[in-house]
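Asks: There's a structure below that I have some questions on.
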Amino acid sequence: MKTFYATTPIYYVNDLPHIGHIYTTVVTDTATRFHRLLGEKTRFLTGTDEHGQNIEKAAAAQGVTPIALADRVVARYHALWKKFDISNDDFIRTTQPRHRAGVEALIARIAAAGDFYTAKHEGWYCASCEAFYTEKEIGEERKCPIHGTACAWESEENVFFRLSKYSGPLLEHYEKNPQFVRPETRRAEMISFLKGGLTDISVSRSKVKWGIPFPGHPGQVVYVWFEALANYVTALGLGSEDEHLYREFWDNPDGRRIHLVGKDILRFHSIFWPAFLLSAGLPLPTTVWAHGWWLRDEKKMSKSVGNVVRPDALVAQFGPDALRYFLLREMTFGQDASFSDEAFLTRFNADLANDLGNTVSRVAALCRQSFGGTPDVAAAEEDLEAAFRAHEPEWRAAMEDFSFNRALEAIWRFLTRINGYVVAREPWKVRKERGAASPVLKKILYGSAESVRLAAVMLSPFLPGTARKIFEALGMPGRDPAPRDLEWGLLPAGLPMPDAPALFPRADTASYFEQKEKTMTETPPAPSKPTPPPAETTQAVSPSDGQIGIEEFQRMRLVTAKILAAERVPKSNKLVRMDVDLGSERRQIVAGIGKVYEPEALVGRNVVIVANLKPAKLMGVESNGMVLAATVGESGEPSLLAVSDDVPPGSRVK
Ligand code: MSP
């Protein structure tokens with residue numbers, strides 16, 4: 001049976017999601033929704049990569065266990081995917097027992113093939129990538145090609161995988177399967193890398209504790225990239241008692257198995273992973289699709305560069321579908337693209353508010369005003385049906401080819417045809433001259449409304465929520481479309497239509513930027529700067545060298561508090577409003593920490609606050625106290641003072 005299995009990379013839990021992660025997931029969602037719409041049996045997997053040194057370090061820095069950190073970030077991912085209408089069938093966490101069982105099964109198969117051996121491992125290592133690089137790749141300066149940071153010389157005894165054995169078989173596979181790596185430029189890069197010959201790689205670590213123990217090698221854990229790649233089959237039940245999903249979606253000659261990845265991790269997916277699979281005697285993915293990067297100021301958006309765009313403010317104001325649209329329309333799949341608010345707002349107003357929103361509301365309003373709903377006969381003139389028959393195959397071919405921007409362009413050409421038709425046929429004039437019972441009017445509006453319905457069906461893989469709203473505006477149930485909905489003439493006649501609100505009210509660009517400017521220049525209680533004590537006290541007690549006496553210090557009531565709830569202050573990208581527990585009381589505090597901390601990640605944390613600070617209003621919200629944080633780096637990013645979890649709220653800090 002023909003199946004379609006699509007996966008995203010599994011995301012690290014030492015970083016909160018940003019536009020880059022959202023992009024890969026939205027693309028995978030769109031591709032899967034398209035194949036589901038065609039009636040194929042689909043499965044969509046995403047998840048989190050939770051082991052390894054970086055997670056271990058990040059957790060230690062925050063004073064929590066690695067699993068507590070992972071749980072916190074996973075909750076954030078779940079909420080985000082829900083908000084973005086991501087229709088994944090499964091979410092794998094590499095800390096789950098099913099993953100460990102699958103990894104052990106994979107290792108057993110590779111061991112049986114004789115492809116592991118133990119040896120001393122030395123080389124140039126990038127801690128952020130958790131990967132070794134060759135001298136050629138890091139150049140004379142020994143800098144990581146991805147992060148630009150210094151690589152360190154590492155040496156330890158490890159388990160090795162005989163990757164070198166697979167250069168030939170992999171090359172042969174590439175030659176026989178032109179679709180194996182896409183786009184073509186990336187395929188060429190991988191072929192040239194393979195032609196350079198492969199060296200064996202280490203697949204265990206002895207210095208890392210947070211990982212899956214390597215079977216048969218006490219003291220070693222499985223290298224995080226080895227086990228992470230295995231998620232694509234462990235999630236299907238490989239190595240478990242029930243392998244039916246594995247057989248249906250992986251070990252199936254009629255199945256398509258697509259990995260969507262950023263170009264930064266292509267080599268892991270198109271060389272290491274297939275080599276592990278060849279060794280284990282398992283089928284390979286059919287295609288590894290590598291997309292480009294979202295750039296900001298011409299650099300890859302990433303936490304280590306510090307230039308990430310978190311979507312919260314844009315999504316709060318414009319909705320998740322507006323961001324989905326922008327990401328899919330603006331980037332040519334495979335190439336890099338730049339993210340900017342200006343580009344986002346331009347597309348929002350031109351494409352969503354104007355072309356899409358206005359077409360839908362115009363056609364719906366004409367139907368409502370003429371008949372209170374759809375016309376009572378399902379008949380149309382030829383024009384728009386012909387337009388649909390011309391644009392639907394363009395859309396379909398582009399979707400098959402993961403050319404999402406081209407597919408959107410095809411839908412937009414169809415929208416232009418619908419609009420042009422309405423303008424040319426002037427239904428308002430027909431109604432005035434011949435009345436609402438006129439068969440001509442019914443035909444014009446049935447054709448227009450049916451076209452809007454079909455545009456929404458084609459749009460549904462991209463903007464599922466908007467498509468549902470369009471169906472509702474036409475009087476139909478707001479659900480995801482089924483395969484048969486992609487046919488002309490299915491809009492029911494005589495359906496009452498509700499008065500629907502505008503899909504994308506036009507954005508006022510000038511006031512957006514004014515507001516943004518205001519948020520950036522607002523002065524919240526600087527969590528970093530010490531509050532100057534009242535002037536008279538300073539003069540009375542402090543000697544001229546700025547020292548203060550103990551009495552003066554004791555005037556400040558510093559206590560621990562537990563954050564019970566946290567949310568962003570509307571229209572501010574810095575301010576977070578929190579409810580905190582001081583043991584004997586609860587109160588509200590506002591702090592300028594929202595650029596660094598996601599509200600959800602704050603809940604449950606123990607922090608230190610100044611409890612006897614005069615109340616102040618920040619962007620209209622009252623703050624009763626101040627949260628203490630260190631200021632880091634030139635930009636003064638706040639880093640909250642951490643108190644261990646077991647300290648009861650309200651404990652005095654001195
Ligand atoms: N955990 C590994 C992947 C293991 S898969 C077996 C990892 N995780 S990650 O959290 O760093 O996320 C990587 C993916 O996020 C990239 O491959 C890419 O899909 C996406 N992006 C992260 N930053 C990005 C951009 N600036 N632009 C586009 N996508 C990028 O690597």
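Asks: With +1 assigned to the C-beta of every Lys and Arg and -1 to the C-beta of every Asp and Glu, and no other charges, what is the dipole magnitude of the chain about the Cα centre in debye, to the nearest 20?
Replies: Values: 79 positive and 81 negative charges, 216 e Å.
Result for the chain is approximately 1040 debye, rounded to the nearest 20.
Asks: On full extension of the chain, what length is gained from Lys516 through Arg413, given 0.36 nm per residue of separation minus the C-alpha to C-alpha distance?
Replies: Numbers: separation 103, 0.36 × 103 = 37.08 nm, distance 3.39 nm.
Taking 0.36 nm per residue and subtracting the Cα distance, the gain is 33.7 nm.
Asks: Using a cut-off of 15 Å between alpha-carbon atoms, which aspartates and glutamates can reach Lys57, once sequence neighbours fewer than 8 places away in the same chain are excluded?
Replies: Correct list for Lys57: Asp15, Asp49, Glu130.
Asks: Same structure, new question: To the nearest 20 debye, what charge dipole does the stretch 213-347 have about its Cα centre, counting +1 at the Cβ of each Lys and Arg and -1 at the Cβ of each Asp and Glu?
Replies: Values: 13 positive and 16 negative charges, 79 e Å.
Result for the stretch 213-347 is approximately 380 debye, rounded to the nearest 20.
Asks: Also, quick follow-up: Please list the non-local residues whose amide H lies under 5 Å from the amide H of Arg257, H modeled 1.01 Å from N, same-chain partners needing a gap of 5 or more.
Replies: Correct list: Tyr5, Thr286, Thr287.
Asks: Relative contact order, percent, of the stretch 307-451 when contacts are C-alpha pairs under 8 Å separated by at least 6 residues? Mind showing how you got there, number by number?
Replies: Numbers: 122 pairs, mean separation 44.6, N = 145.
It comes to 31 percent, rounded to a whole number.
Asks: Please list, ordered by chain and number, the residues whose modelled amide H lies under 5 Å from the amide H of Val181; skip anything fewer than 5 residues away on the same chain.
Replies: The list, which skips near neighbours in sequence, is Val288.
Asks: Next question, about the same structure. Given contacts defined as C-alpha pairs under 8 Å and at least six residues apart, what's the relative contact order of the chain, whole-number percent?
Replies: Numbers: 1129 pairs, mean separation 73.5, N = 654.
Relative contact order for the chain comes out at 11 percent.
Asks: Once amide H atoms are placed 1.01 Å from N in the peptide plane, what residues at a sequence separation of 5 or more from Met626, or on another chain, have their amide H within under 5 Å of its amide H?
Replies: Hits under the 5 Å cutoff: Val610, Leu613.
Asks: Just the accessible area per residue of the chain, please: how many Å² with a 1.4 Å probe? Numbers along the way, then the final one.
Replies: Numbers: 28150 Å² over 654 residues.
With all protein chains present, the chain gives 43 Å² per residue.
Asks: Please give the FRET efficiency for Val423 paired with Glu40, using the beta carbon to beta carbon distance and R0 = 51 Å, rounded to the nearest 0.05.
Replies: Numbers: r = 38 Å, r/R0 = 0.75.
E(calc), rounded to 0.05, equals 0.85.
Asks: Where does the charge balance sit around Glu381 when Lys and Arg score +1, Asp and Glu -1, over other residues with C-beta under 10 Å from its C-beta?
Replies: Details: positive: Arg425, Lys443; negative: Glu382, Asp383, Glu385.
With Lys, Arg at +1 and Asp, Glu at -1, the neighbours total -1.
Asks: Lys/Arg Cβ at +1, Asp/Glu Cβ at -1, dipole of the stretch 1-128 taken about the Cα centre: which of Ala79, Phe34, Ala119 is farthest positive-ward?
Replies: Positive-most Cα among the choices belongs to Phe34.
Asks: Taking every pair of alpha-carbon atoms in the stretch 410-458, what share in percent sits in each 10 Å bin, from 0 to the bin with the longest distance?
Replies: 27, 48, 22, 3
Asks: Summing Lys, Arg as +1 and Asp, Glu as -1, what charge do residues with Cβ under 12 Å from the Cβ of Arg76 carry, Arg76 excluded?
Replies: Values: positive: Arg72, Lys82, Lys83, Arg310; negative: Asp15, Asp71, Asp312, Glu598, Glu600.
Around Arg76, the charge tally is -1.
Asks: Return the sequence-ordered ³J(HN,Hα) values of the stretch 181-190 in whole Hz as given by the Karplus equation 6.51 cos²θ - 1.76 cosθ + 1.60 applied to θ = phi - 60°, using x for Gly and Pro.
Replies: 10, 9, x, 4, 4, 6, 4, 4, 4, 5
Asks: In whole percent, what relative contact order does the stretch 246-371 give with Cα contacts below 8 Å and a gap of six or more residues? Write down the numbers at each step before the final one.
Replies: Values: 99 pairs, mean separation 26.4, N = 126.
About 21 percent, as a whole number.
Asks: Ok, one more. Rounded to the nearest Å, what's the spacing between the alpha carbon centres of the stretch 581-608 and the stretch 427-460? Just the number, please.
Replies: Answer, in whole Å: 54.
Asks: Need the C-alpha centroid separation for the stretch 1-68 versus the stretch 248-314, integer Å.
Replies: What the calculation gives is 10 Å, centre to centre.
Asks: Oh, and also: Where in the stretch 390-426 is the amide nitrogen less than 15 Å from a point lying 7 Å along the Cα-to-Cβ axis of Glu382?
Replies: Only 390 pass the distance filter.
Asks: Right, another one. Per the chain: cysteines with no other Cys C-beta under 4.7 angstrom?
Replies: Singleton cysteines: Cys151, Cys367.
Asks: Another one. Hey, what does the equivalent ellipsoid look like for the chain, semi-axes from the Cα gyration tensor as sqrt of 5 times each eigenvalue, largest first, whole Å? Before the final figure, lay out each step's value.
Replies: On the way: eigenvalues 432, 320, 82 Å².
For the chain, the semi-axes come out at 46, 40, 20 Å.
Asks: Is the stretch 257-383 rounded, prolate or oblate when judged by the Cα gyration tensor, a ≥ b ≥ c being the square roots of its eigenvalues, rounded requiring a/c under 1.5 and prolate requiring a/b larger than b/c?
Replies: Details: a/c = 3.67, a/b = 1.69, b/c = 2.17.
It is oblate, given that a/c is not under 1.5 and a/b is not larger than b/c.
Asks: Let me check I have the definition right: for the stretch 328-370, take the eigenvalues of the Cα gyration tensor, multiply each by 5, take square roots. What are those semi-axes in whole Å, largest first?
Replies: Details: eigenvalues 194, 25, 4 Å².
Largest first, the stretch 328-370 gives 31, 11, 4 Å.
Asks: Oh, and also: Assuming 0.692 mPa s and 37 °C, estimate D for the stretch 439-480 with Stokes-Einstein, Rh taken as the Kirkwood radius over Cα pairs, in µm²/s. Kindly include the intermediate steps, with their values, before the conclusion.
Replies: On the way: Rh = 10.5 Å.
So the translational diffusion coefficient is about 314 µm²/s.
Asks: For Thr149 and Asp499, compute 0.36 nm times the residue count separating them, minus their Cα-Cα distance, and round to one decimal in nm.
Replies: Numbers: separation 350, 0.36 × 350 = 126.00 nm, distance 5.71 nm.
Gain in length upon complete extension: 120.3 nm.
Asks: Let me check the size of the stretch 214-302 from its C-alpha atoms; what are the radius of gyration and Dmax in Å?
Replies: Here Rg and the maximum Cα pair distance are 15.6, 50 Å.
Asks: To the nearest whole percent, what portion of all C-alpha pairs in the stretch 182-231 is separated by more than 18 angstrom?
Replies: Working: 619 of 1225 pairs.
So the pairs more than 18 Å apart make up 51 percent of the total in the stretch 182-231.
Asks: Okay, next question. Would you mind listing how long the stretch 1-131 runs along its three principal axes, going by Cα atoms, in whole Å with the largest first?
Replies: Principal axes ranked by extent give 52, 42, 28 Å for the Cα atoms.
Asks: To continue, here is another question. Place +1 on the Cβ of every Lys and Arg and -1 on the Cβ of every Asp and Glu in the chain, take the dipole about the Cα centre, and give the residue among Ser304, Tyr23, Val233 whose Cα lies farthest towards its positive end.
Replies: About the Cα centre, the residue reaching furthest to the positive side is Tyr23.
Asks: Then there is this: Can you run phi through the Karplus equation (6.51, -1.76, 1.60; θ = phi - 60°) for the stretch 252-268 and list ³J(HN,Hα) in whole Hz, with x for Gly and Pro?
Replies: In residue order, the calculated couplings are 9, x, 9, x, 9, 10, 10, 9, 9, 9, x, 5, 5, 10, 5, 4, 4 Hz.
Asks: Evaluate the Kirkwood expression for the hydrodynamic radius of the stretch 56-185, namely the inverse of the mean inverse distance over all pairs of different C-alpha atoms, and round to one decimal in Å.
Replies: Result for the stretch 56-185 stands at 19.1 Å.
Asks: Send over the semi-axes of the stretch 297-356's equivalent ellipsoid, whole angstrom and largest first, taken as the square roots of 5 times the C-alpha gyration tensor eigenvalues. Mind showing how you got there, number by number?
Replies: Values: eigenvalues 91, 41, 17 Å².
Semi-axes (√(5λ), whole Å): 21, 14, 9.
Asks: Related question: Tabulate in residue order the Karplus-calculated ³J(HN,Hα) for the stretch 450-467, using 6.51 cos²θ - 1.76 cosθ + 1.60 with θ = phi - 60°, rounded to whole Hz; enter x for Gly and Pro.
Replies: For the stretch 450-467, the Karplus curve yields 5, 5, 4, 4, 5, 4, 5, 4, 5, 7, 4, x, 7, 10, x, x, 5, 4 Hz.
Asks: Still on this structure, I have one more. Mean 1/r over all different Cα pairs, inverted: what Kirkwood radius does the stretch 99-169 give, in Å? It would help to have the intermediate numbers written out before the result.
Replies: Values: mean 1/r = 0.0707 Å⁻¹.
Across the stretch 99-169, the inverse of the average 1/r is 14.1 Å.
The values are calculated or read from the model by the stated rules, or taken from the named source; none is laboratory data. These figures come from a predicted structure and were not determined experimentally. All Cβ positions, glycine included, derive from the backbone under ideal geometry; neighbour counts span all protein chains shown. For the accessible areas, the whole protein counts, side chains as well, though only heavy atoms, and no ligand, DNA or RNA atoms are used. Shrake-Rupley method; radii C 1.70, N 1.55, O 1.52, S 1.80 Å.
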